[in-house]
Amino acid sequence: MINHIKKSKYIENKIPLRDPSKVMKLERLGSFHQSRLSFSRQLINEIVQNKWIFNISEWNINNDGIGHAVINSICNKNIFSLVIFSHSIQDEERSDRVIAEKWDMTFSLFKGKPSKKEITHMSENLKIQELGRHLPKQLTLSRANKSVRIFEKVLDALSNGRQPDHNLINDIGYLVRTTAVYGNGKFGIGDFSKMQSEHFLRKPFQAEMLTVYLIRYFSIELINFLSKVKGGLKAVKLSEIISKHIGVGNATGLGMAPFLFNHQELLHQWIYAKETALSRVLSLDKISIDKQSDIFNLIEQAYQYSVQWKVSDPIQYNKIKILNSDLQVILKNINTKVILNQSYPLKKLTNFFKDDISIETEEILHSIFLEPFGNIIDDLINNMSVIEKNTVSINFNVKEIIEMIEKNYSWALDIDLKKDEENWFFWYTSQAKLEPRLGIRKKDKGFDKELPFDIPHQIQKGMVILRSLPNDMLGTEAMLNYPELRNIIRRIIINNVSPYSEIQDNLIGFNSKPIDILRCKLSFFGASKYDPKSDLWTRITLFQGAPLPHQLKEKDACNWLFPSLPIYN
Amino acid sequence: MVQLSLNEIYSETQKALRSLGIDWGIAKDCAVLTRWLALHNQYFLGSILKTADMYKNKKISISIQENNFKKPLSANLMGMLLVEYIAAKKIVWEGFLYNPKFILAAMNIIAIEQKINMELRDKNNKVIAFTNNKKLYADIIQLKTSNGYFFLSLEINNKINKLDKFVTPSAQNTSYVNEKCWNKLKAMAFETYVPESETSISGAGY
């Protein structure tokens, strides 16, 4: 049990937070869903609350869709501009590969309004992405391709005065798909740490989220513009309902996995915020009739969402099938509405169904439970960032560090590392992509350059050294004498105060599925419609159902947890 | 000259040191100290390259038991651990330090993060740097030497110190470095990369 729950000014937590040994398993992390704490949701809330203004200040796109544009987003005195270059490429040059050399579109989020000179610099460097040198005023670097499955079909329909088929829109969900969104100092762009005086950048991944949100806006403006060019007077714009259902696709792979290892304290803050939020809502002793109705409606929406969630991956397909069936059972069970009207309704509802539903369903229920209770959980958003420490706390001796291992890393001590299956993979940085990849130890070359994600191995080796040392030797002295302990002792000490900071599985074991790590991170981004293409990469959709700039004043602008589109057969 | 972000400096330094087989934790410490120097407009790149060279040739030490004029303790690599050790043991350490500027970085970082103040004295026992209230006061010129004998301890009494210059972060979030040297560091970092295998290619989005 986590024993350092901060007292909320809103509610006393009566239900303890879930134990890290339950939460931090890959299978559960890989079942997380988007929630109202997700970063894309945080951005839209920020935009609505602070009345951001959006305008297209430059539109130099020709009739073939080639050229450049600038979209400004203005908050108080701050301007963030998305600079867009739309290029001409051949169909066969379009690729999800992270090191593809050409893209339909390249982007950068720029702090302020770029000058002509800066636009010229970006016109030369953005199109070559990682190979270019970028300006410190650039906050992100990104690129996207048109979806070959949908873009031309939608354009064709609109230019002929028709709305595209809802089935088609739902099956794909986006007009363009990004293949990378870089931030925070990569390739010469600005470090976020120096810009945290900007209020909205203090929250995690907000520059990246704003980039994607504006890419989505651009993709819809572009298709409306091109349909007018192609169809003239008979052309129509994408309808409001379809526009809102268009997100931005993203193909994402192992590149984003190491972030969760390398930023232990941040991982803890994210999970801790979510678990605290869950504890708070489960601790509610009663909920109003309106909130009961909200919860029931959200379960229905989640059901509709699961029906429209189409994947080809057999494992995820089965998970969705079970999710679908579980949600149907919950909706049809007469006890659901009865329990919602009783004391401790959400805790009771969880207990009532917990033995009969999958982890995927359990976690979607948690996202549902959080949704109507912004008034008691939204303060947690402010704790989802952290300034990570570079030093290691000096207060512990060898005995105390051993005790921490025994208490917090028993999962790592229990693994039999002599078995081949526990030494199956190794993580490395690929020469071709400069991105993390997985190799097989007994087959592939390069495990001497392994990345340090073999936590159980480091724990067991470290334990042997630590047990050979005097109990009262200081941890700092142990590390000074055995520098190979530095990395793992740092992790152990961080984990001692940040218990959700370690994924409790062997990440080089045969059974480990990196896709679960991606899903965990993507759920915090607010991704939906996970569409795994293997254990190593997935397609997702961001901002599907989010309001477009002209829809921000709508009453329910901030409510878009489970977007679904009416399907007419 | 090439303009770099602080995160580029951090990540390439860590990788470059890994290419020499330096432990992960130590490489990370050094990258942190290097980023601090870059942020504070201090020269760092030549020191890292020289350290790499000396480490390969076993001309610097990473052990406090083994350090002398010919083989001083590397402040780049062990600076962070050294200040933590002294802070925990509450002792006065003395010995030869290579690239003592990196100790300043470690002193400032531990002062900010753990509110532990320290002071650095030269072989004549003259205070050349100390921390107080999260600020670093230092006579940087005295630390231009690459190798020297120093005393490092918890701060004793800053009031008697004459130092009034404190080192502040740059207003810029970038650093300009010699492109040739930077490319050398990047080439070292590149050695930690592995050619892709069939395993990694299959199912990885190709």
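The values are calculated or read from the model by the stated rules, or taken from the named source; none is laboratory data. Note that the coordinates shown come from a computational prediction; the quantities given were computed from them, not determined experimentally. All Cβ positions, glycine included, derive from the backbone under ideal geometry; neighbour counts span all protein chains shown.
Condition first: over 30 Å from A:Trp424 (Cα atoms) and touching a residue at least 24 places away in the same chain (Cβ under 8 Å). Now tell me which residues in segment A:530-552 satisfy that. It would help to see each step written out before you state the result.
Step one: filter segment A:530-552 for residues over 30 Å from A:Trp424 (Cα atoms), giving A:541-552.
Answer for segment A:530-552, where residues must be over 30 Å from A:Trp424 (Cα atoms) and touching a residue at least 24 places away in the same chain (Cβ under 8 Å): A:Thr541, A:Leu542, A:Phe543, A:Gln544, A:Gly545, A:Ala546, A:Pro547, A:Leu548, A:Pro549, A:Gln551, A:Leu552.
Could you run through segment A:371-417 and say how many residues are of a type in the set (Lys, Arg) and more than 14 Å from chain B (Cβ to nearest Cβ)?
2
Among the residues that make up segment A:388-407, is at least one of them in contact with a strand residue (DSSP E or B) (Cβ under 8 Å, 6 or more places away or on another chain), of a type in the set (Phe, Trp, Tyr) and in contact (Cβ under 8 Å) with a residue 60 or more places away in the chain?
yes
Conditions (1) part of a loop (DSSP other than H, G, I, E, B); (2) surrounded by 20 or more Cβ atoms within 10 Å (Cβ to Cβ); (3) among the polar types (S, T, N, Q), marked per residue:
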{"residue": "A:Glu484", "(1), (2), (3)": "no, no, no"}
{"residue": "A:Ile489", "(1), (2), (3)": "no, yes, no"}
{"residue": "A:Pro499", "(1), (2), (3)": "yes, yes, no"}
{"residue": "A:Glu502", "(1), (2), (3)": "yes, yes, no"}
{"residue": "A:Asn506", "(1), (2), (3)": "yes, yes, yes"}
{"residue": "A:Tyr530", "(1), (2), (3)": "no, yes, no"}
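For the structure I just gave you, tell me whether A:Ile334 is of a type outside the set (Ser, Thr, Tyr), surrounded by fewer than 21 Cβ atoms within 10 Å (Cβ to Cβ), free of Cβ contacts under 8 Å to residues at least 24 places away in the same chain and within 14 Å of chain B (Cβ to nearest Cβ).
On the way: of a type outside the set (Ser, Thr, Tyr): yes; surrounded by fewer than 21 Cβ atoms within 10 Å (Cβ to Cβ): yes; free of Cβ contacts under 8 Å to residues at least 24 places away in the same chain: yes; within 14 Å of chain B (Cβ to nearest Cβ): no.
Answer is no for this residue.
Go through segment B:45-133 and tell me which helices (runs of 4 or more DSSP H), entirely inside it, have 3 or more residues that are touching a helix residue (DSSP H, G or I) at 6+ places or on another chain (Cβ under 6 Å) and under 25 Å from A:Leu485 (Cβ atoms). Walk me through how you get there before you give the answer.
On the way: elements: B:45-56, B:75-89, B:101-114.
The helices (runs of 4 or more DSSP H) meeting that bar are B:75-89, B:101-114.
Run A:Trp309 past the list (1) part of a helix (DSSP H, G or I); (2) buried (at least 20 other Cβ atoms within 10 Å of the Cβ); (3) of a type outside the set (Asp, Glu) and report the number of the one that doesn't hold.
(1)
Output the residues belonging to segment A:176-219 that are among the acidic types (Asp, Glu) and at pLDDT 85 or above.
Here is the first cut: in segment A:176-219, the residues among the acidic types (Asp, Glu) are A:191, A:198, A:208.
Of everything in segment A:176-219, just one residue is among the acidic types (Asp, Glu) and at pLDDT 85 or above, namely A:Glu208.
With (1) surrounded by fewer than 24 Cβ atoms within 10 Å (Cβ to Cβ); (2) touching a strand residue (DSSP E or B) at 6+ places or on another chain (Cβ under 7 Å); (3) under 27 Å from B:Thr192 (Cα atoms) as the list, and B:His40 as the residue in question, which single condition is left unmet?
Single failed check for B:His40: (3).
I'm checking my understanding of the structure. Among residues of segment A:14-73 that are in contact with a His (Cβ under 9 Å, 6 or more places away or on another chain) and among the charged types (D, E, K, R), which one is farthest from A:Val229 (Cα to Cα)?
A:Glu46
Being under 19 Å from B:Gln114 (Cα atoms) and of a type outside the set (Phe, Trp, Tyr) is the filter here; which residues of segment B:82-98 pass it? Please lay out each step first, then the result.
Quick first cut of segment B:82-98, residues under 19 Å from B:Gln114 (Cα atoms) only: B:82-92.
Hits for segment B:82-98 are B:Leu82, B:Val83, B:Glu84, B:Ile86, B:Ala87, B:Ala88, B:Lys89, B:Lys90, B:Ile91, B:Val92.
Being more than 17 Å from A:Tyr174 (Cα to Cα) and within 16 Å of the chain's Cα centre (by Cα) is the filter here; which residues of segment A:526-560 pass it?
A:Leu536, A:Trp537
Which ones in segment B:26-35 are within 15 Å of B:Leu4 (Cα to Cα), under 8 Å from the mean Cα position of the chain (by Cα) and within 11 Å of chain A (Cβ to nearest Cβ)?
B:Ala31
Give me the pairs: first residue in segment B:69-90 and of a type in the set (D, E, K, R), second residue part of a helix (DSSP H, G or I) and buried (at least 23 other Cβ atoms within 10 Å of the Cβ), beta-carbon distance under 7 Å, and six or more apart or on different chains, which are they?
Short answer, once both residue conditions are applied: B:Glu84/A:Thr476; B:Glu84/B:Ile110.
Condition check ((1) under 19 Å from B:Thr192 (Cα atoms); (2) at pLDDT below 95; (3) part of a strand (DSSP E or B)) across all residues:
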{"site": "A:Ile402", "(1), (2), (3)": "no, no, no"}
{"site": "A:Glu406", "(1), (2), (3)": "no, no, no"}
{"site": "A:Ala412", "(1), (2), (3)": "no, no, no"}
{"site": "A:Asp416", "(1), (2), (3)": "no, no, no"}
{"site": "A:Glu422", "(1), (2), (3)": "no, no, no"}
{"site": "A:Leu434", "(1), (2), (3)": "yes, yes, no"}
{"site": "A:Lys442", "(1), (2), (3)": "no, yes, no"}
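Residues to consider are A:Ile459, A:Ile465; find the one that is in contact (Cβ under 8 Å) with a residue 40 or more places away in the chain, more than 11 Å from chain B (Cβ to nearest Cβ) and more than 28 Å from the chain's Cα centre (by Cα). Talk me through it step by step, then tell me what you get.
Values: A:Ile465 fails: in contact (Cβ under 8 Å) with a residue 40 or more places away in the chain.
Result of the check over A:Ile459, A:Ile465: A:Ile459.
Name every residue in segment B:162-196 that is of a type in the set (D, E, K, R) and either within 18 Å of the chain's Cα centre (by Cα) or under 22 Å from B:Thr13 (Cβ atoms) (or both), in order of residue number. Quick ask: steps written out before the conclusion?
Step one: of segment B:162-196, the residues of a type in the set (D, E, K, R) are B:162, B:164-165, B:179-180, B:184, B:186, B:191, B:196.
Answer for segment B:162-196, where residues must be of a type in the set (D, E, K, R) and either within 18 Å of the chain's Cα centre (by Cα) or under 22 Å from B:Thr13 (Cβ atoms) (or both): B:Glu179, B:Lys180, B:Lys184, B:Lys186, B:Glu191.
Anything in segment A:65-97 that is of a type in the set (S, T, N, Q) and assigned to a strand (DSSP E or B)? List them, or say none.
Of segment A:65-97, the ones of a type in the set (S, T, N, Q) are A:72-73, A:76, A:78, A:81, A:86, A:88, A:90, A:95.
Residues satisfying the conditions are A:Asn72, A:Ser73, A:Asn78, A:Ser81, A:Ser86.
Which numbered condition in (1) closer than 17 Å to A:Arg177 by Cβ; (2) at pLDDT below 95; (3) buried (at least 17 other Cβ atoms within 10 Å of the Cβ) is the only one that A:Glu93 fails?
Status for A:Glu93: all satisfied but (3).
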